[in-house]
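What follows is one structure encoded as structure tokens, with my remarks underneath.
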Ligand code: NAP
Ligand code: 8YV
């Protein structure tokens, strides 16, 4: 049941704004959401379409994640929707055009995850170049002990090498700063040069890949960047170049990447994200020159807490602070 209240948003009988949760969120965040809002979990509905048909008009808010998003069909099924709060900075799974057309505010979690994602990008670079994961497998399999002095092959040095960053936004700049401690030469590619940064802008992605020992991808996902890293870019990176992707799986042509890794067209890859998560191409499991992570670049207690707090603050800003989201996506 929905009752009217003095504000513009209908509230539940217990006086809380009525919000639809899409996809699961950390348990503590779900509990906090339930304390402050009247939350219904869409995934718990046996017949999602029938539920939305019957009850879609009740919801004025959506809370979602970078995995679950909010597509045009969902937005259309919620005629009273005013605000979407996303647990995550990337909003490629939210149909921003549909939100904008309806005047729906979208909140996300920028900046609070820059450090963690940058740390993981550097970690992946080190892991794949220094063959840490492969070496760990070697030790666990007892091959060090039984190998008569044999070890794994030589890794490659990260310190002093050339790092190309694809996308010099909040996280890209944090990665660039991080590697100053590794004395790396840094250049970047983005559609526009970034003002007041010490790193050289490379307008050609192919030229950047050709120059780089390590190419780290940290652009936004979505249609505009789909398969930005294709076979040509991988060939330009070359047999001594490493790819690290902490952005979105869609940014890399995964079939081309598998081919390049299998055929030694690039030296290796560190991947946190994949085109069809949680599915990872099985062909990659057999390769030692690739490190595979299950989309965990922001996954620390500190960062996930900060992301959850911001997800809550964005909803509160909409409902209780005159529609002022702390971190709104520019529409
Ligand atoms: P941001 O500040 O908006 O930076 C995005 C960068 O991408 C900008 O430099 C932008 O520059 C560039 N870009 C956009 N389209 C481009 C194109 N077609 N070609 C080249 N460059 C392009 O975003 P952020 O906060 O750094 O986050 C970046 C992305 O990382 C997020 O959108 C998310 O998908 C991903 N992410 C992943 C994880 C994870 O767990 N693995 C965690 C957090 C974020 P121009 O507009 O000038 O081109
Ligand atoms: C999270 C992310 O894994 O912020 C993003 O865009 O991809 C990651 O931080 C995600 O938000 C959790 O849903």
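No lab work stands behind these numbers, since they all come straight from the coordinates. Computed from a predicted structure; not experimentally measured. Reconstructed Cβ throughout: ideal geometry from the backbone, glycine too, with neighbour counts over all protein chains shown.
Which pairs do you get when a residue that is touching a residue at least 12 places away in the same chain (Cβ under 8 Å) and over 14 Å from residue 307 (Cβ atoms), found in the range 108-122, comes within reach of a residue that is outside any helix (DSSP H, G or I) and near ligand 1 (Cβ under 9 Å from one of its atoms), reach meaning Cβ atoms under 7 angstrom, with the pair 6+ apart or on two chains?
120/246; 120/272; 120/297; 121/218; 121/246
Restricting attention to the range 168-224, which residues are under 21 Å from residue 253 (Cβ atoms), touching a helix residue (DSSP H, G or I) at 6+ places or on another chain (Cβ under 6 Å) and within 16 Å of ligand 2 (Cβ to nearest atom)?
216, 217, 218, 219, 221
So is residue 31 away from ligand 1 (no atom under 16 Å from the Cβ), over 15 Å from residue 319 (Cβ atoms) and surrounded by fewer than 20 Cβ atoms within 10 Å (Cβ to Cβ) or not? Can you show your working first?
Working: away from ligand 1 (no atom under 16 Å from the Cβ): yes; over 15 Å from residue 319 (Cβ atoms): yes; surrounded by fewer than 20 Cβ atoms within 10 Å (Cβ to Cβ): yes.
Yes.
Is at least one residue of the range 293-305 more than 12 Å from ligand 1 (Cβ to nearest atom), surrounded by 24 or more Cβ atoms within 10 Å (Cβ to Cβ) and in contact (Cβ under 8 Å) with a residue 12 or more places away in the chain?
Pass one, the range 293-305, residues more than 12 Å from ligand 1 (Cβ to nearest atom): 301-302, 305.
From the residues that got through so far, the ones that are surrounded by 24 or more Cβ atoms within 10 Å (Cβ to Cβ) too are none.
Looking through the range 293-305, none of the residues is more than 12 Å from ligand 1 (Cβ to nearest atom), surrounded by 24 or more Cβ atoms within 10 Å (Cβ to Cβ) and in contact (Cβ under 8 Å) with a residue 12 or more places away in the chain.
Among helices (runs of 4 or more DSSP H) lying entirely in the range 86-177, which contain 1 or more residues that are within 16 Å of ligand 1 (Cβ to nearest atom)? Write out each step before concluding.
Values: elements: 96-101, 114-130, 132-140, 143-146.
Ranges flagged: 96-101, 114-130.
Among the candidates 78, 25, single out the residue that is part of a loop (DSSP other than H, G, I, E, B), out of contact with any helix residue (DSSP H, G or I) (no Cβ under 7 Å at 6 or more places or on another chain) and in contact (Cβ under 8 Å) with a residue 40 or more places away in the chain. Walk me through how you get there before you give the answer.
Working: 78 fails: out of contact with any helix residue (DSSP H, G or I) (no Cβ under 7 Å at 6 or more places or on another chain).
On inspection, the qualifying residue turns out to be 25.
Just checking, does the range 277-292 include any residue being more than 15 Å from ligand 2 (Cβ to nearest atom), touching a helix residue (DSSP H, G or I) at 6+ places or on another chain (Cβ under 6 Å) and part of a helix (DSSP H, G or I)?
yes
Within the range 174-181, can one find any residue that is without any contact (Cβ under 8 Å) to a residue 40 or more places away in the chain and either more than 16 Å from residue 216 (Cβ to Cβ) or crowded, with 21+ Cβ neighbours inside 10 Å (or both)?
yes
Within the range 242-265, identify whether any single residue is closer than 17 Å to residue 167 by Cα and more than 16 Å from ligand 1 (Cβ to nearest atom), and answer yes or no.
yes
Which residues, counting only those in the range 72-91, are under 21 Å from residue 219 (Cβ atoms) and either touching a strand residue (DSSP E or B) at 6+ places or on another chain (Cβ under 7 Å) or more than 8 Å from ligand 2 (Cβ to nearest atom) (or both)? Outline the logic, then answer.
Pass one, the range 72-91, residues under 21 Å from residue 219 (Cβ atoms): 86-91.
Within the range 72-91, 86, 87, 88, 91 qualify.
Hey, does the range 233-241 have a residue that's under 23 Å from the mean Cα position of the chain (by Cα), assigned to a strand (DSSP E or B) and either closer than 23 Å to residue 71 by Cα or within 16 Å of ligand 1 (Cβ to nearest atom) (or both)?
Taking every residue of the range 233-241 in turn, none turns out to be under 23 Å from the mean Cα position of the chain (by Cα), assigned to a strand (DSSP E or B) and either closer than 23 Å to residue 71 by Cα or within 16 Å of ligand 1 (Cβ to nearest atom) (or both).
Can you find a residue that is assigned to a helix (DSSP H, G or I), without any contact (Cβ under 8 Å) to a residue 60 or more places away in the chain and either touching a strand residue (DSSP E or B) at 6+ places or on another chain (Cβ under 6 Å) or more than 16 Å from ligand 1 (Cβ to nearest atom) (or both) anywhere in the range 6-21? If you could, list the steps in order and put the result at the bottom.
So in the range 6-21, the residues assigned to a helix (DSSP H, G or I) come out as none.
Within the range 6-21, none of the residues are assigned to a helix (DSSP H, G or I), without any contact (Cβ under 8 Å) to a residue 60 or more places away in the chain and either touching a strand residue (DSSP E or B) at 6+ places or on another chain (Cβ under 6 Å) or more than 16 Å from ligand 1 (Cβ to nearest atom) (or both).
For the range 103-152, which residues satisfy the criterion of being within 16 Å of ligand 2 (Cβ to nearest atom) and under 22 Å from residue 291 (Cβ atoms)? Even if it seems obvious, please write down each step before you answer.
Here is the first cut: in the range 103-152, the residues within 16 Å of ligand 2 (Cβ to nearest atom) are 106-121, 123-124.
Selection gives 113, 114, 115, 116, 117, 118, 119, 120, 121, 123, 124.
Looking only at the range 81-103, count every residue that is farther than 25 Å from residue 277 by Cβ, without any contact (Cβ under 8 Å) to a residue 40 or more places away in the chain and crowded, with 22+ Cβ neighbours inside 10 Å and tell me the total. So that I can check it myself, show each step before the final result.
Going residue by residue through the range 81-103, those that are farther than 25 Å from residue 277 by Cβ are 81-83, 100-103.
Still in the list and also without any contact (Cβ under 8 Å) to a residue 40 or more places away in the chain: 81, 101-103.
When the remaining residues are screened for being crowded, with 22+ Cβ neighbours inside 10 Å, the result is 81.
So the count comes out to 1.
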